[in-house]
Amino acid sequence: MSILDLPLITEKAEPPESIWAKIRYHLVSNPLGLVGAAIMAVFVFCAIFADFITAYGPTVTDAAHRLLHPGSGHILGTDQMGRDIFSRIIYGARISLAVGLGSTFLGSVFADGIIVRGAFFLRDGSHCRGESASGKFSADSA
């Protein structure tokens, strides 16, 4: 029996019913999305719990421990001013997350405002055709 002799299965799987089944269905059907979601989950977790994850502040300088190689005391080492690089990356994730969420929120608010205004003023379509509110064409639209 070769692969050509096998019957073709053309029916699709039934869509899942519960929300968890839907999430699991989409994650299994798109493994790269699962990897991206895992990376974002780690990013958000580190940004939220930065105070508990890091041992040093992001701006605390220590001239005696500058330019250290990665080791047990400093996971990613220190920079030329003695600041812990791991702490700076984790706290930078917090700032990046805040900027990303803030810009998304503002963009959504402004886009919604533009859409609502457009729908309100063009609700009957008369402005698109050059008609006035009375239904007659104006002199400057002809």
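Spacing of the modelled spin labels on His69 and Phe43, each 7 Å from Cα toward Cβ, amounts to 3.2 nm. Length gained on full extension, Met81 to Thr61: 6.6 nm, using 0.36 nm per residue less the C-alpha separation.
Which FRET efficiency value, to the nearest 0.05, do you get for Trp20 and Val99 by plugging their Cβ-Cβ distance into 1/(1 + (r/R0)^6) with R0 = 30 Å? Spell out each step's value before the answer.
On the way: r = 32 Å, r/R0 = 1.06.
Result of the calculation: an efficiency of 0.40.
Exposure proxy shown here: for His26, His74, His69, the number of other Cβ atoms within 10 Å sets the order, fewest to most, as His69, His26, His74.
Taking the number of other C-beta atoms within 10 Å as the exposure measure, put Ser72, Ser96 in order starting with the fewest.
Values: Ser72 5, Ser96 12.
So the residues, fewest neighbours to most, are Ser72, Ser96.
Of the residues Phe52, Phe43, the one with the fewest other Cβ atoms within 10 Å heads the list, and the complete ranking is Phe52, Phe43.
For Leu68, nonlocal amide neighbours, meaning residues 5 or more places apart or on other chains whose placed amide H falls under 5 Å from its own, are Thr78.
Each reported figure results from applying straightforward, stated rules to the coordinates on display, with no laboratory input. Predicted, not measured: the structure shown is a model, and the values here were computed from it. Please note: Cβ atoms are built from the backbone with ideal geometry, for glycine as well, and neighbour counts cover all protein chains shown.
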